[in-house]
Amino acid sequence: MLTVRRRLLPATFSLLALAPASLFVSLTPAAFAQSSVAGAISGVIYDQQKAVVPGAAITAVNNDTQASTTATSDARGEYRLENLTPGVYTVTVTKDGFKTFKQESFTINVGVISQLAPSLVVGSSGETVDVAGDSPLMHVDSSEISSVIDQNMIDNLPINGRRASNFALLTPGVVSNGDGFGLLSFRGISFLLNNSTVDGMDDNQAYFSEQRGRTRAAYSISQSAVQEFQVNTSNFSAEYGRSAGGVINTVTKSGGNSLHGQLFFFDRDNDFGASNPYTVLTSLNPATGNYITQNYKPKDWRKQWGFGIGGALIHDKLFWFYSYDQSRRNFPGTATASTATAGLFAPADPVLTNDTCSGGKGTNVTSSLTGDYGVCALAYALNLGQTAAAYQAAASYYGAGQAILASYLGAVPRNSDQVLNFPKLDWQINDRNHLALQYNRLRVSSPAGVQTQQINTYGRASFGNDFVKEDFGIMRLASTLSSTMTNELRFQYGRDFEYGTSQTPTGNEQPLANNQFNRPPDVSIGYDYDAAGFDIGKPLSLERKALPDERRIQGSDGFTWAHGKNTTKAGLDFNRVNDYISNLYNENGSYSEDSGPDFMADYFHAVNGLSYFGPNYYQFSQGFGTPSGEIATTDYAGYLTNDWRILPRLTLTAGVRYEYEYIPVNPYANLTGTSGNVTINGKTSLYPLVGALPQTASRPDDRNNVQPRLGFAWDVFGNASTTVRGGYGIYNGRIINANILQVYLNSGGPLGQFYMSTSGQTTCTPALTFPNIFQSGIQGALNFGAMCGATTTAAYLDPHLQNPQVHEIDLAIEQQLGHGTVMQISYMGSLGRELASAVDKNLTLGNVNILSDTYTTAIPATVPSTGYQLPLPRGGKAGPLAAGSTTALKLYTLCTAAQLAAGTTCGSGSRTTQGVYQLLDFKSDVNSAYNAMSIQLTHRFSQGYSFMAHYTWAHALDYNPYLSTNDGTNQQLDPNDLSQEYGNSTLNVQSRFVFSGNYRTTLHAAHRWETLAATGWQVSAIFQTQTGLPYSAMTAKTAPGGAFSGIIGAGGINRLPKYDVNHNLLSSRDSYNLPNIAVLDMRLSRSFFLDNRFGHFRLEFLGEAFNVLNHQNITKVNTTAYTICTGTVTTYEDPRVTVGTSACPSTASATAPVLLFNPLFGTNTASNSNTIYTPRQLEGAIRLHF
């Protein structure tokens, strides 16, 4: 037998190409997407004189299952082997008059057409030429940008939390969203517009538009069950759809003839990790009698264990695979308050000897302790008087009140238990048909686990209990119809059931829970001035009896025909989803208290019966109506695509995809209005709660989603050393089911839901006393509206609502640099069109005057040296407005110019619809733009190491698209001026660098023990650094004279306008950035090879360190830049000023408002507090491979 060892001409490339050696890191190159579950081999058969060889037989045999696929080269010597399951193959080529060509260990990856162009040697077919070569490095036939992350990479790179899809962050153009819990943004497009598939079938939850199980689950597919997955960022085949962002396609493992698999155990304990300077506890210091806030490190350990094992039930015929994965975590949370020590727990003198309280909340006490102001305010609120004796009595209550507040904060017992089971059967029915059956079962139970961050501004009983139940089964039948035609039929049924419950109230919350739900209402405490405080009571989002209970039926069929220089694919897809929810937002009501003393007064009145001047809360809201809702959407899709090798060095790809999302009619439409009888003070009358809204019956019907895709790939010199590729395509996302159902429910009709609120303590007649709430159901809404003049927000789907659309264009140049190294320079561009927005259409501009307010900018006194210490790094930003400057801002007002100048109160709330505060038109009228340049360097595994590094510069701009899953909020500053919204995207990351690499020791020394000691070691690392995500300069309070809330009185977002009335630039949206991010994760492992009569075993011990340098990756900052002052602000409301002074200038008034700069603007409030960014953590593991 003649053996020839040479390096084959590379024919494929990877955007993430850490090229594989067995058991080492790899990112497999991608050619034009052959299939969402399979790969292919193509090429041209030559003889030694480079003449083509027609009629040669090419056979690929799967080394695990012995399944074989055969093709014959045509008159041009070309061939193609279709529908190959990812894995390792042996490829042979036979032809009379030539020696048999044989290459073993030829790797097939999902969605990849790997080229193999052998040169046959003249001789007898009984002789064999064995060829050993590296896996292809560059691909010369593909126009798309995609990467295959195979088992070697999944096994050998460190990943925090073992969520395999996070490897997609190694791809240029992919970043994590703001909360850092696993959602990814591709090319600046919403993280809700991606498509996740498992073995070609939908793995999304249609309701929240995330991967099934959402980020509630650590992961929904076990790493031990994943063969590889493909990340498509642009120009992907027309076979892929329902995505305006990216497509992540996961392929699961299968069994083979030999028993093989892995057992694993991972153990992590925070005892060996670093503390987080922003994780703090507030407690009483017995020595001083004052409260102190200090850093501590809560417990956090997790243990993950399981196995993935496969084998044969019938040799060469029937194969099985089973994966079991369990993860348990004990990670107590921390209930804390922003600025706790300086604000809510500011110390006070027990006796005030030099002064007396005067003026109630406008006290002017000369004291060294800011808590004295809180005592005076409490004395006033409790009607104790303002003498020294009154102060002393109030001081006792103040101390008791602080003890109550402190009881709501502290450590929160929290754990999670997640179990995954995944059985799979593969049946090779015959040479032409292969059937695969699989089932995935996920169960998650997490008491107090709704809030997963290390620190939260929620009370100890306000985290919420979380539960997930997920089941889905997939059937796939792959058939070879002829030597040139294949077909794959798929079917799926799945259910994703997620629910959550509230926790048992704490002792000091129990007295507030005397209502029909036996839970205290949500109470926001201390959020005045800069939104610094915390919440207690039942969270607004609970109870969630089903959110959602989603069931899916999907069927698809794909046909492939290879003919001449063309490969044509066509397919159809049917996908029906039924979503049921049982959740009424804010059903238990919520109160907002400006400060600690306000809450104390209301609490002592309600619980202890103390008299007071009246309610002290400043806002109450509650949800009413039917808690349940249900819709079913159906997606229809079809595609046709053709790959044409027009020239030996030039391949063109052309395809088209059509999608239609059927949205049902609104069963909760408000065609008649909502009204009913109410009885107040013994008098019964008919109360019209909400008028008719015929627009809520509109149903969008977008039928124009034709998506052409064009691309080319040019092998410039014909030797696969230089490749140019590019393409253009249109991609449509889905209208999210949660947006549809929530908008339908919030139609204002008698069958829907109502979210009602009222401001101020004196608006209700009779008065609403804390902590009382209204009865649930429509009658409660009627009573609330009649008593308090409360209004609701209603919404409707715009009849011209379109599916989101993105136009993508790419151009890339690849160059081999030799020694297994490739450089790629690429441009990526995206233009978002018809992106979602929610605009308030309820302004009666005929009754609202558009005038202006002129503000003076002021800077308060410095932060006190005691009582308000920030962790390091402190952060902080300068405001966009110069101190002492004047700024004229647009104002929506009911006042005339003369009334506004005189400071006259003109009322508020001129609306077109009775009982509706905001009428939101959920529409698609927002655009975006993304431009990026990326340079990438990839080195295939050789000489013991491999690496991938890329730097991406990008700029994402948009008009503030809606990035959420509820009925929409009026997030625009001015609904009549979209130019105020244009700015950086909230997903804009302008600079990002990623490096990943792997090194393995291989030493052959003179002594065997030296060789054994030095061999089997492996070190790998991932380093990521990027520009911090952007944020805007926000404002607090409402403009004087404004018709509605907000700084311009339009009821929109409280953000500093981009332009003043003269169109001078003030502050663009998202013009500030969080501090830069930097994370280094590393793994060190040692393998021992154990060969015996039972087989080949590899025992691996490994240690991992995440965020090795313990870099403080800031995840949250104080974004309030200015407070609108129309009078003085007392120090107990704003402790960040020197004692004895007012926060607002004495000149501030309704006719001379002041924008008071917040000295805490831009200061850091949380660091390393999600699943992507954590304090340094250490983990050990043991794995047995066989």
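Annotations
- Fewest-first ranking of Asp853, Asp96, using other Cβ atoms within 10 Å as the exposure measure: Asp96, Asp853
- Rough spin-label spacing in nm, given labels placed 7 Å along Cα→Cβ, for Leu671 and Ser685: 3.1
- Folded to 0 to 90 degrees: helix 778-788 orientation relative to the chain principal axis, Cα: 40
- Over 25 Å (Cα to Cα) - which of Lys841/Lys1116; Lys469/Lys538; Lys102/Lys569 fall in this group: Lys841/Lys1116; Lys102/Lys569
- Building the convex hull from the alpha-carbon atoms of the chain and averaging its projection over directions returns 47.6 nm².
- Here the dipole of the chain is about 1500 debye; that uses its Cα centre as origin and unit charges on the Cβ of Lys and Arg (positive) and Asp and Glu (negative).
- Using θ = phi - 60° and Karplus 6.51 cos²θ - 1.76 cosθ + 1.60, couplings along the stretch 415-423 (whole Hz; Gly, Pro as x): 8, 9, 9, 10, 10, 10, 10, 9, x
- Whether the stretch 590-703 is rounded, prolate or oblate, judged on the alpha carbon gyration tensor where a/c under 1.5 counts as rounded: oblate
- Residues of the stretch 35-66 with amide N under 18 Å of a point placed 7 Å along Cα→Cβ from Lys317: 65-66
- Projecting the Cα atoms of Asn257, Tyr662, Tyr373 onto the dipole axis of the chain, where Lys and Arg carry +1 and Asp and Glu carry -1 at the beta carbon, places Asn257 farthest toward the positive end.
- Positive minus negative residues near Gly733 (Lys, Arg vs Asp, Glu; Cβ under 14 Å): -3
- ³J(HN,Hα) computed for each position of the stretch 154-165 - Karplus, 6.51 cos²θ - 1.76 cosθ + 1.60, integer Hz, glycine/proline x: 4, 6, 10, 9, x, 9, 6, x, 6, 8, 4, 5
- The chain: antiparallel DSSP beta bridges as a percent of all, rounded to 5: 90
- Whichever lysines have a C-alpha closer than 22 Å to that of Lys317, once near sequence neighbours (fewer than 8 apart) are set aside: Lys253, Lys424
- Neighbour counting of Cβ atoms within 10 Å sorts the residues Leu919, Leu1080, fewest neighbours leading, into Leu1080, Leu919.
- Hz values of 3J(HN,Hα) by residue in the stretch 610-621 - Karplus curve (6.51, -1.76, 1.60), Gly and Pro given as x: 5, 6, 7, 6, x, x, 10, 5, 10, 7, 9, 9
- If the segment from Ser396 to Ile646 were pulled out straight at 0.36 nm per residue, it would be longer than the present Cα-Cα gap by 81.2 nm.
- Rounded tilt (10° steps) of 371-381 against the dominant C-alpha axis of the chain: 60
- Ranked list, fewest to most other Cβ atoms within 10 Å of each Cβ, for Lys424, Lys565: Lys565, Lys424
- Lys/Arg +1, Asp/Glu -1 at C-beta; the chain dipole; positive extreme among Tyr1059, Ile41, Phe534: Ile41
- Nonlocal amide H pairs with Gln211, under 5 Å, H built at 1.01 Å: Gln205
- Simple spin-label estimate for Leu831 and Ala897 in nanometres, 7 Å along Cα-Cβ: 4.3
- Amide proton proximity set for Asp1070, modelled H, under 5 Å, gap of 5+: Ser1032, Ala1033
- Efficiency of FRET between Ser407 and Asn514 - r from beta-carbon atoms, R0 22 angstrom, step 0.05: 0.75
- Summarising the amide proton neighbourhood of Gly983: residues at separation of 5 or more, or on other chains, whose placed amide H is nearer than 5 Å comprise Asp958, Asn960.
- Projected label distance in nm at Thr1151 and Asn415, using a 7 Å step from Cα toward the beta-carbon: 6.6
- Cα-based helix-to-principal-axis angle, 388-407 vs the chain, degrees rounded to 10: 20
- Estimated FRET transfer efficiency when R0 is 30 angstrom, pair Arg1086-Phe272 (beta carbons, to 0.05): 0.95
FYI, it's all coordinate maths here, none of it is from the lab. All of these numbers come straight from a predicted model, not from anything done at the bench. Note: ideal-geometry Cβ built from the backbone for every residue, glycine included; neighbour counts use all protein chains shown.
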